[in-house]
Amino acid sequence: MELACVLFDLDGTLVDTAPDLMRCLNLSLARHGFPEASGTAVKPFISFGARAMIAAGLTEPVAGGVQETLLATMLDCYERHIADQSSFFAGIEDTLAQIEAQGLKWGVVTNKRERFTNPLMAALKLTGRAACIVSGDTTAYSKPHPGPMLAACEQAGVKPEQCVYIGDAVHDIAAGKNAHMKTLAASYGYLKPGDLPETWGADSVIDSPLQITDWIGAHRCR
């Protein structure tokens, strides 16, 4: 393929944000009288947003108003502690350096809101390096709709068929395919019990970020 741009999902693919998200979830639960949530139970739902995390962390059903209160407390905490313990997945820094060294662009397409995406990218010193940053509220749609993917292409000045998109959830792969991009399923990310990335329809499944550059080398037209 005439590859020009490598696009990443953020949480669970580019950055391990679980430590900060879990800390803020448990702070919110404790503040409102609920027991601490298990990371094992909640982590697989990070890619589906804070509401899904809260639902997974509660041991019993609660009223909608209580969930909204928990959500507000959790997100307020997260906004103030956006990157205290979050870090790149092993191999990501080398992967980004190799992508840049090959003259390729890279960017981020996430369902995370701009309120959190932009400060996180800045804290990790990625803002100036990324050719595009598209959040869940940057367009009128979120993944799996192709709208955010096409917005990323517009920002980066590339065509969808020149891109590969990497994500750790089925809606990531669907979004890339809906936009006619190549896709890689990141099995090292936040998978739910029973998830089978090999059934998502991705062009390949990768078990490590370092396999991204291997895939690029094997599929890029020279």
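The values are calculated or read from the model by the stated rules, or taken from the named source; none is laboratory data. In this text, all values refer to a predicted model and were calculated from it rather than measured experimentally. Note: ideal-geometry Cβ built from the backbone for every residue, glycine included; neighbour counts use all protein chains shown. Ligands, DNA and RNA are stripped out before the accessible areas are found, and what is left, the full protein with its side chains, is counted by its heavy atoms. Shrake-Rupley method; radii C 1.70, N 1.55, O 1.52, S 1.80 Å.
Coupling constants for segment 89-102 follow from the phi torsions by the Karplus curve (6.51 cos²θ - 1.76 cosθ + 1.60, θ = phi - 60°), and in residue order they are 5, 4, x, 5, 4, 5, 5, 4, 4, 5, 4, 5, 5, 8 Hz; glycine and proline get x.
If R0 is 30 Å, what FRET efficiency do you get for residue 87 and residue 154 from their C-beta distance, rounded to 0.05?
Numbers: r = 30 Å, r/R0 = 1.01.
For residue 87 and residue 154, the calculated efficiency is 0.50.
For the chain, report the accessible area per residue in Å² (1.4 Å probe, heavy atoms, rounded to an integer).
Details: 9690 Å² over 222 residues.
Per-residue accessible area for the chain comes out at 44 Å².
Antiparallel beta bridges, as assigned by DSSP with both residues in the chain, represent about 10 percent of the total such bridges. For segment 64-120 versus segment 132-199, the spacing of their alpha-carbon centroids is 15 Å. Computing Rg and the Kirkwood Rh from the Cα coordinates of segment 63-142 gives a ratio, Rg/Rh, of 1.06.
Note the full-extension length gain between residue 123 and residue 67 as 0.36 nm times their separation in residues minus their Cα-Cα distance, in nm to one decimal. Walk me through the numbers before you get to the answer.
On the way: separation 56, 0.36 × 56 = 20.16 nm, distance 2.89 nm.
Additional length available on full extension: 17.3 nm.
Any chance you could run the full-extension gain for residue 30 through residue 2? It's 0.36 nm times the residue separation minus the Cα-Cα distance, nm to one decimal. Display every interim value, and only then the final one.
Details: separation 28, 0.36 × 28 = 10.08 nm, distance 5.12 nm.
Extra length available between residue 30 and residue 2 comes to 5.0 nm.
Between residue 205 and residue 102, what FRET efficiency comes out of the Förster formula 1/(1 + (r/R0)^6) with R0 = 22 Å and r the beta carbon distance, rounded to 0.05? With a Förster radius of 22 Å, E is 0.45. On C-alpha positions alone, give me the angle between the axis of helix 210-219 and the longest principal axis of the chain, in degrees, nearest 10. Tilt of helix 210-219: around 30 degrees. Taking only protein heavy atoms and a 1.4 Å probe, the accessible area of the chain is 51% carbon and sulfur. Calculated mean residue ellipticity, 222 nm, the chain: -12500 deg cm²/dmol, from DSSP H runs (n ≥ 4) at -39500 (n - 2.57) each, averaged per residue and rounded to 500. Using θ = phi - 60° in the Karplus curve 6.51 cos²θ - 1.76 cosθ + 1.60, the 3J(HN,Hα) couplings for segment 121-138 round to 4, 5, 4, 8, 6, 10, 4, x, 8, 6, 6, 7, 9, 10, 9, x, 10, 6 Hz; x is entered for Gly and Pro.
Remark: for residue pairs 105/192; 105/125; 159/192, the C-alpha separation exceeds 27 Å in 105/192; 159/192. Taken over the C-alpha atoms, the chain has Rg and Dmax values of 17.3, 59 angstrom. The C-alpha atoms of the chain define a longest principal axis, and helix 147-156 lies at about 50 degrees to it. Sequentially through segment 60-73, phi angles give Karplus couplings (6.51, -1.76, 1.60; θ = phi - 60°) of 8, x, 10, 5, x, x, 5, 4, 5, 5, 4, 4, 4, 5 Hz, Gly and Pro residues having no value and appearing as x. Residues whose amide H falls under 5 Å from that of residue 108, counting only those 5 or more places apart or on a different chain, are 8, 132, 133, 134, with hydrogens built in the peptide plane.
Here the peptides 205-217, 15-27 are ranked by packing, the mean other Cβ count within 10 Å, and the order with the highest first is 15-27, 205-217. With r defined as the distance between the Cβ atoms of residue 214 and residue 161 and R0 fixed at 25 Å, what FRET efficiency is calculated, to the nearest 0.05? That pair, residue 214 with residue 161, gives E of 0.75.
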